[in-house]
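None of the figures in this text is laboratory data; all of them are computed from the coordinates on show. Remember, it's a predicted structure, so these values are computed and weren't measured experimentally. Cβ coordinates were reconstructed from backbone atoms using ideal geometry, including for glycine residues, and neighbour counts include every protein chain displayed.
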Amino acid sequence: MPVVRVQSEPFSLGDEAEAFAKGRTDAGGLVTFTGVVRDTGGLARMEIEHYPGMTEKAIAGMVDTAMARWDLADALVIHRHGTLAPGDRIMMVATASRHRVAAFEAAEFLMDYLKSRAPFWKKEFGPDGAAWVAAKDEDEDALSRW
Amino acid sequence: MPVVRVQSEPFSLGDEAEAFAKGRTDAGGLVTFTGVVRDTGGLARMEIEHYPGMTEKAIAGMVDTAMARWDLADALVIHRHGTLAPGDRIMMVATASRHRVAAFEAAEFLMDYLKSRAPFWKKEFGPDGAAWVAAKDEDEDALSRW
Amino acid sequence: MLDVMYFAWVRERIGEPRERVETDAATVEELVEELKAREPRYEAAFADLSALRVALDQELADFDAPLAGVREVAFFPPMTGG
Amino acid sequence: MLDVMYFAWVRERIGEPRERVETDAATVEELVEELKAREPRYEAAFADLSALRVALDQELADFDAPLAGVREVAFFPPMTGG
C-alpha cells in the first residue's frame, strides 16, 4: 500500500528506505530519491509553506497515477514543511517495481510532479534577507515528457 | 570520494543510504537503486559468480565515467557475489548531485552498465533444477542510450 | 460566501492567510476584479495573473473557471516543492 | 604462456576455472581453434562464439584481437549483473 506523509518532523532516510524494502520479494528494483537543502551562498534556513488538505490530495493523486502507469508494487512519498537548515532532508520518494526501468521512471515522474504540482512554496533566508524561491521553467517543462 | 565494494556479505540498505547522505550539503539530490532477489516460481537460491580483479576494475571505470559526465558530488556501488535467497539484496547504487535529473541519469547509467558490462553471472536454483540466467537483449540495447 | 486563501508571497501582499468573501462573481477572473477594486494590497497581489495559480476546492483550475458550487478558492504563486 | 580463465557455463563445460596454456596463437580466434582441436569439452564450450565474450588482461575485447603481450585471457557468457 502506497504511503504519503506530509510532516514538519525530520525523517530518517535509512529507516524509511529499510522499512520500504523490508520483506519485499515481489519487486526486483527499489529506487529512492532524497532531496537535501543545499548550502548555497550562506543560506541560514529555509521555510516551506504548504496548503494543508490540498497537499495530501495532490500527492495521493500523483501516486495513484504512478502506481497504475508503471504497475508498481509500492510507493512512498514523504515531504516536510516548516523550517529546515542546510543539510536537512526536505523530502523523499521511493518506488518498488519488478523492473528497474519502471522503478526509475515512476520515481522521476513523482519528483517532476512534486516540484510543480504539489502546493509547497520555499522561502530562503540568507545574508541578503529572505526571498521566495522562484519556480523554474525547466521544472514546468519537465512535466511534458510524461 | 566514490566507493566500490564487491562482497559476499549482506549489506544494510538503510545504513548505507544514511552514511551516503550524511553531512551532505553540496548535493540537493540523492538517488539510490537497490536490486532484490525476486521470488519467481519457487526460486530456492541464486548463486552469483564473478571475476575477481576485473569486476572491481570494470565498476571503477563506470563510476569514473559517471562522476565526470554528470559532475556528481559522490557515488557508491555495492555488489554481492555468492549465495543469495529470495528477498536478499543483490546490489545497490547511490548517486549525489546538485540536480535531480543528473542524479537519476547517473544511477540509471550505472545500473545499465552493471547489468551488461560488469563480470557477474547469476545461476538460479529452483524446483526444476539449476539454470544460468540468460542475458536479455533489452539490457544490451539499454546501453545505446548513453 | 467563499473561503478565499492566500499562500506564499500572495499571502504576504494581502496580509492574511484567508478570509470569507461575499460575492456574486461567476468566474475566478470576476472574483479577482472584485478583490482588486477593494484595496491597493489586492491590486499588488493580483497585478500579474500569469505569475499566479488558482485552486478551486483544492484542485488546480484556470482563471476563467466558473465559481458555481465552489466553497474554497486559493491563490498562490507557481509551486516549488520537491 | 597464457593464463586462460573460464566463468559460468563456460567453466562448467570446460570443467575447470583456469589453466596455463602454451601457445603461439596470434589472436583470440586462433587460441580458440587450438583449444577446440584438443578435446570435445572445448568443442562444446566454444561451439557458438556469438554466445561468448572474451576479456584480455581483464578488459573486454573482440575475438580478432591480437594476443601479443597479453598474460590473462578469460572466456565467459554475456554478463548478468545488477
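Annotations for the structure displayed:
- Inter-chain neighbour count for A:31-42: the average number of beta-carbon atoms from partner chains within 10 Å of each residue's beta-carbon is 6.
- Here the alpha carbons of the protein assembly as shown define both size measures, Rg and Dmax, at 27.8, 97 Å.
- Here's the picture: charge each Lys and Arg Cβ at +1 and each Asp and Glu Cβ at -1 in the protein assembly as shown, and of C:Val54, B:Leu43, A:Phe11 the one pushed furthest to the positive end of that dipole is A:Phe11.
- When you restrict to C-alpha pairs under 8 Å that are six or more residues apart and normalise by the size of segment B:3-144, the relative contact order lands at 34 percent.
- Label-point distances for B:Lys136 to the equivalent site in the other copies, using a point 7 angstrom along Cα→C-beta, read 3.1 nm when ranked shortest first.
- Sequence ranges D:29-38, B:112-121, B:38-47, ranked by mean other-Cβ count within 10 angstrom, highest first: B:112-121, D:29-38, B:38-47
- Cα-based Rg and Dmax for segment D:2-76, where Dmax is the largest Cα-Cα distance (Å): 10.9, 29
- Shielding of B:49-56 by partner chains, average beta-carbon count, 10 Å: 5
- ³J(HN,Hα) computed for each position of segment D:28-43 - Karplus, 6.51 cos²θ - 1.76 cosθ + 1.60, integer Hz, glycine/proline x: 4, 4, 5, 4, 4, 5, 4, 5, 4, 6, 6, 8, x, 5, 6, 3
- A dipole drawn for segment B:8-137 from +1 and -1 charges on Cβ atoms has a positive end, and of B:Gly29, B:Leu76, B:Pro52 the residue lying farthest that way is B:Gly29.
- Taking only the Cα atoms of segment A:1-141, the ratio Rg/Rh comes out at 0.99, with Rh defined as the Kirkwood radius.
- Reachable lysines from A:Lys122, criterion Cα separation under 17 angstrom, eight or more residues apart if same chain: A:Lys136
- Computed about the Cα centre, the dipole magnitude for segment C:2-76 is approximately 320 debye when only Lys and Arg (+1) and Asp and Glu (-1) carry charge, each at its Cβ.
- Across the options D:Phe75, D:Thr27, D:Pro17, the greatest Cα extent toward the positive end of the charge dipole of segment D:2-76 (unit charges at beta carbon of Lys, Arg, Asp, Glu) belongs to D:Pro17.
- Sorted from shortest to longest, the distances between the A:Gly61 label points of this copy and the other copies are 4.9 nm, with each point 7 Å from Cα along the line through the beta carbon.
- Share antiparallel - DSSP beta bridges, segment D:2-76, percent rounded to 5: 75
- Size of electric dipole in the protein assembly as shown: Cβ of Lys, Arg +1 and of Asp, Glu -1, about Cα centre, debye, nearest 20: 1000
- Taking the Cα centre of segment A:72-128 as reference, the dipole from Cβ charges on Lys and Arg (+1) and Asp and Glu (-1) amounts to some 120 debye.
- Between this copy and the others, label points of C:Ala44 are 8.6 nm apart in ascending order, each placed 7 angstrom from Cα in the Cβ direction.
- Packing here is the average count of other Cβ atoms within 10 Å per residue, and on that basis the peptides B:92-100, B:127-135, A:135-143, highest first, run B:92-100, A:135-143, B:127-135.
- Electrostatic tally near B:Asp39: other residues with Cβ closer than 12 Å to its Cβ, Lys and Arg +1, Asp and Glu -1, net +1.
- With respect to the axis relating copies C and D by rotation, the chain C residue whose beta carbon is closest, plus that distance in Å, is C:Gly82, 14.
- Working from Cα pairs under 8 Å separated by at least six residues, relative contact order for chain D is 39 percent.
- In chain A, helices alone account for a calculated mean residue ellipticity at 222 nm of -10500 deg cm²/dmol, with every DSSP H run of four or more residues adding -39,500 (n - 2.57).
- Residue by residue along B:11-20, Cβ atoms of other protein chains within 10 Å of the local Cβ number 5 on average.
- For segment A:76-146 versus segment D:41-82, the gap between their alpha-carbon centres in whole angstrom: 45
- Beta bridges assigned by DSSP with both partners in segment A:1-89 are antiparallel in approximately 45 percent of cases.
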